[in-house]
1. Within 10 Å of each residue's Cβ, count the other Cβ atoms and sort 9, 107, 150 from fewest upward.
2. Obtain the nm distance between the two label points defined at residue 116 and residue 140 by a simple spin-label model: each point lies 7 Å from its Cα along the Cα-to-C-beta direction.
3. Fewest first, what order do 106, 1 take by the number of other Cβ atoms within 10 Å?
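Each value in this text was obtained by applying a stated rule to the coordinates, not by laboratory testing. The structure displayed is predicted, hence computed values, not measured ones. Note that each Cβ is placed from the backbone with ideal geometry, even for glycine, and that neighbours are counted across all protein chains shown.
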């Protein structure tokens, strides 16, 4: 009896071991999806222009460290009295940002033609930027205080 049980176990184990080789895979990808028109349509790529038509890109590569915007003709602009009102004799106001979280004044250095973005507490030529308002900028150097009108209006207007 033990021999019969042992033979049956061997037969069952052999059949179970050979079963994956005999039965087909239940989930096998088919090539029918690749042949469908929708799939073929999604694989269609647009036609690209030839590389010879990209002369400007070749002359000015996008990620080159020396890339700069193209030089444009400068236009002469008539300066008003408001434009001539410079802060500390050299900085022109280009903008002011006043929010509940921050106060920033944007200036342009007319000598070096550089843009500056300063917040309260920063220093400008040794002067502490004490306060920035919608229409005023207050600078302090020790006991001396300078207040600039950022609106460009003359006194009495």
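1. Neighbour counts put them in this order, fewest first: 9, 150, 107.
2. According to this spin-label approximation, the distance is 1.8 nm.
3. 1, 106
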